[in-house]
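S.K.: Here it is, the structure, as structure tokens.
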Amino acid sequence: MQSVINSVKGTALGVAEYLTPVLKESKFRETGVVTPEEFVAAGDHLVHHCPTWQWASGDESKAKSYLPPNKQFLITKNVPCPRRCKQIDYCEEKQKIIENEQDEEGWVDTHHYDETTGKDIAIEDKISEISLDASTVSMK
């Protein structure tokens, strides 16, 4: 039964992807969706600064024409963790539900509390603006 459900979901997602145009102008601030150029720029920045991340090309039959062939998706490997799983067990007081202004669903921010200062960290303080121009990519 689960395979039938997965098949239907996969088909529906394929149709939606076919009907949805590739974004030409940045809508990140409004909807959180990036253009292919912004995705590649952000991925290059991530790969440059975090050695555990790398670009992958994946299966050629599933490659997206709007992305470079060698930059289809990002993967991370060998991520060091200073704590064991038992130390990271579910802890309700370290989670906070963030209300989304556009709809009634929320998402969980598990890193909202800075233990060094004892204060909440504003989401806006964590987000940087990425600007693209013809010669360089810069983070503001």
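The values are calculated or read from the model by the stated rules, or taken from the named source; none is laboratory data. Owing to the predicted nature of the structure, the values given are computational and were not obtained by experimental measurement. Backbone-built Cβ (ideal geometry, glycine too); neighbour counts: all protein chains shown. Heads up: the accessible areas ignore ligands, DNA and RNA and are worked out on the full protein's heavy atoms, side chains in. Shrake-Rupley method; radii C 1.70, N 1.55, O 1.52, S 1.80 Å.
S.K.: Across the range 18-28, what is the number of residues that are of a type in the set (A, V, I, L, M, F, W, C) and assigned to a loop (DSSP other than H, G, I, E, B)?
M.R.: From the range 18-28, those of a type in the set (A, V, I, L, M, F, W, C) are 19, 22-23, 28; that's our starting set.
Subset that is assigned to a loop (DSSP other than H, G, I, E, B): 22-23.
Going through the range 18-28 one residue at a time, the tally reaches 2.
S.K.: Something else: Within the range 41-75, count every residue that is in contact with a helix residue (DSSP H, G or I) (Cβ under 9 Å, 6 or more places away or on another chain) and open to solvent by less than 100 Å² (accessible area, probe 1.4 Å). Quick ask: steps written out before the conclusion?
M.R.: First pass over the range 41-75, keeping only residues in contact with a helix residue (DSSP H, G or I) (Cβ under 9 Å, 6 or more places away or on another chain): 53-55, 64, 66-69, 71-74.
Adding the requirement that they be open to solvent by less than 100 Å² (accessible area, probe 1.4 Å) leaves 53-55, 64, 67-68, 71-74.
Count: 10.
S.K.: Right, something else. Just checking, which of V15, V4 is modelled with pLDDT of 90 or more and in a helix (DSSP H, G or I)? Give the steps one after another, and end with the answer.
M.R.: Working: V15 fails: modelled with pLDDT of 90 or more.
Matching residue, one of V15, V4: V4.
S.K.: Anything in the range 29-50 that is assigned to a loop (DSSP other than H, G, I, E, B) and within 14 Å of the chain's Cα centre (by Cα)? List them, or say none. Reasoning before the result, please.
M.R.: We begin by selecting, within the range 29-50, every residue assigned to a loop (DSSP other than H, G, I, E, B); these are 32, 34-35, 50.
Once the filter is applied, which keeps residues that are assigned to a loop (DSSP other than H, G, I, E, B) and within 14 Å of the chain's Cα centre (by Cα), the range 29-50 yields G32, V34, T35.
S.K.: Name the pairs whose Cβ atoms lie under 6 Å apart, with the first residue in the range 33-48 and more than 14 Å from Q72 (Cα to Cα), the second of a type in the set (K, R), and 6 or more positions between them or separate chains?
M.R.: V33/K27
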